[in-house]
DNA sequence: CACAATTATATTGTGCACAACTTATATTTG
DNA sequence: CAAATATAAGTTGTGCACAATATAATTGTG
């Protein structure tokens, strides 16, 4: 059999498996905030910039409205953000954190460090991993 | 704001985004085989070992029956594998490729090389990426 | 200014992923 | 050997992802 077709020789499979494993590692921490991993990513952006359009969130997370609209509606239901049509352009929906959403930031501040500890990778390895993966992602953005 | 909470400082987000990007890059190739990426992974295993239990597939792919059962049923519908209860242990379901499933291997043989070309990463970077990610995954298996 | 093209978001449908639970069979053990 | 336990797969429900399409508002152009 063609060696390149063997599962153990795949490069993408470990990345796919690791990505899922990562969100599992986040789970216990995010459960305390009643957030899923994608929802947590939205909150990270909103904590940096209180107001974002659906489009802006999509560009930063590489997600489209088909994914974001229902996700944001669920977060709105939880009372951690608001969705309002822009007055100046009725096509645009503005996403803002609520007070409850802002308050979650304190608890969330502890997550990154705890997560890195569970990953079992050195700082050097993490930096290298990020660098390589980002290189491939930048190519995508330019495409 | 806590620097570690900034999206650009996250290590897991690039991995998550890259993992999704990867399956998008596979898409044009897998469309020709009418396979999704997880289905392709199942086929990789079956091409190596013609017969596998649902459990064995799950251990190799880190997936449970809740994911695999419907996925395998869809593949059975396509006529590329069979699902049969084991005679010696009625709890076990044996997954085997059909002739049609075996035949797909020829076409699939071209995929790995083409995919690596589209990733835009050097062989060294790919090897390093795999090594780092596998290190984190091995920890999981032992856990 | 009308109308064609573009842009922003929403909707629908399919396929994972995973938690929690169920069902059926096999194994262990008192 | 019967009851308890363990194991294998299936089911149900929720939440992404993403393609394809729809809807509505805005912008560009003749």
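Structural remarks
- Only one of B:22, B:75 that is more than 14 Å from chain A (Cβ to nearest Cβ), surrounded by 19 or more Cβ atoms within 10 Å (Cβ to Cβ) and within 30 Å of residue A:38 (Cβ to Cβ): B:75
- Test: residue in segment A:48-57 that is under 30 Å from residue B:136 (Cα atoms) and either touching a strand residue (DSSP E or B) at 6+ places or on another chain (Cβ under 9 Å) or more than 12 Å from DNA strand C (Cβ to nearest atom) (or both): yes
- Residue match in segment A:28-39 (condition: more than 11 Å from DNA strand C (Cβ to nearest atom), surrounded by 12 or more Cβ atoms within 10 Å (Cβ to Cβ) and farther than 29 Å from residue B:129 by Cβ): yes
- Filter pass, residue A:100 being more than 30 Å from residue B:122 (Cα to Cα) and within 10 Å of another protein chain (Cβ to nearest Cβ): no
- Given (1) surrounded by 15 or more Cβ atoms within 10 Å (Cβ to Cβ); (2) more than 13 Å from DNA strand C (Cβ to nearest atom); (3) within 12 Å of chain A (Cβ to nearest Cβ), number of the condition residue B:95 does not satisfy: (3)
- Entry remark, segment A:27-55: residues being in a helix (DSSP H, G or I) and either without any contact (Cβ under 8 Å) to a residue 24 or more places away in the chain or within 24 Å of residue A:96 (Cβ to Cβ) (or both) number 18 in total.
No lab work stands behind these numbers, since they all come straight from the coordinates. From a predicted model like this one, the values you see are computed outputs, not experimental measurements. Neighbour counts are summed over all protein chains in view; Cβ atoms, including those assigned to glycine, are modelled from backbone coordinates with ideal geometry.
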